[in-house]
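See structure below.
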There are 2 protein chains.
Amino acid sequence: MKSINLSEKFSQFTEQWSPHIIADLNDQYIKLAKVQGEFVWHDHANEDELFVIIKGTLIMEFRNRIEEIGPGEILVVPKGVEHLPRTKNNEEVQLMLIEPKSTKHTGKVNHELTKVELKRI
Amino acid sequence: MKSINLSEKFSQFTEQWSPHIIADLNDQYIKLAKVQGEFVWHDHANEDELFVIIKGTLIMEFRNRIEEIGPGEILVVPKGVEHLPRTKNNEEVQLMLIEPKSTKHTGKVNHELTKVELKRI
């Protein structure tokens, strides 16, 4: 029941590709992440995933299309759809994610970037 | 799987206190609303409700506290908590809402501002 300032929360961490939980919403987590470079192809079999871009431009590759998302834009990746997030111009992107608590970071893929325990800030 | 530009969606309607659906997310709707003035005290018994402020400042009254939320800030109203949204300085506020599809606009309260059928844009 407190307003959450996103800039203030972003200032609390520097790790990239490491979502931090900031709130709960209907059995989902609201998370913030800083990302740069390329992630890994994966999907979430049962969970839709919302990307809200706060800073920078994210490129979301799907197997048959590519989308660009900037500040003031959002993208829903539907359950079961393979996707590869990467950043444009190799600049850091700040984003807010909303997805069910059951969501695994890289789906069924295990990768050196995979995070299992997420911090709450 | 398309990025959604919030400004472009806001340009598609002028009605206030009338959320418009822009996407689906895990049995929830993502909605945009323009609001000005004061709404009505209500709660949602089973649904958490996320407010993301895009433009302007929203004042959220609870029975025992008041929160202000501006651009770059978010607020989760937990299920069952009575709240009264109103705008600061009587300026229009643009916001994004995320809540379960089952959520009724004014909870169990019927009011002249209550919307039953929401448009999808």
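Below are the figures for this structure:
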| read-out | value |
| --- | --- |
| Using a Förster distance of 25 Å, the FRET efficiency for residue A:79-residue B:118 (Cβ separation, nearest 0.05) | 0.65 |
| Label distances, nm, residue A:91 versus same residue in remaining copies, Cβ-directed 7 Å point | 2.6 |
| At 7 Å out from Cα toward Cβ: residue A:80 inter-copy label distances (nm, ascending) | 3.5 |
| Loop-resident sites, segment B:1-71, for GluC sites (Glu not before Pro), counting at most 12 other Cβ within 10 Å (DSSP) | B:15 |
| For chain B, alpha-carbon Rg and Dmax in angstrom | 13.4, 41 |
| Pairwise Lys count, segment A:6-100 - Cα closer than 17 Å, eight or more residues apart or different chains | 7 |
| Taking N as its residue count, the alpha carbon Rg of the protein assembly as shown over 2.2 N^0.38 Å | 1.00 |
| Helix-derived mean residue ellipticity, 222 nm - over the protein assembly as shown, DSSP H n ≥ 4, -39500 (n - 2.57), to 500 | -1000 deg cm²/dmol |
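All of the numbers you see were taken from the coordinates with simple rules; none came from a lab. A quick note: this is a predicted structure, and the numbers were derived from the prediction, not measured. Backbone-built Cβ (ideal geometry, glycine too); neighbour counts: all protein chains shown.
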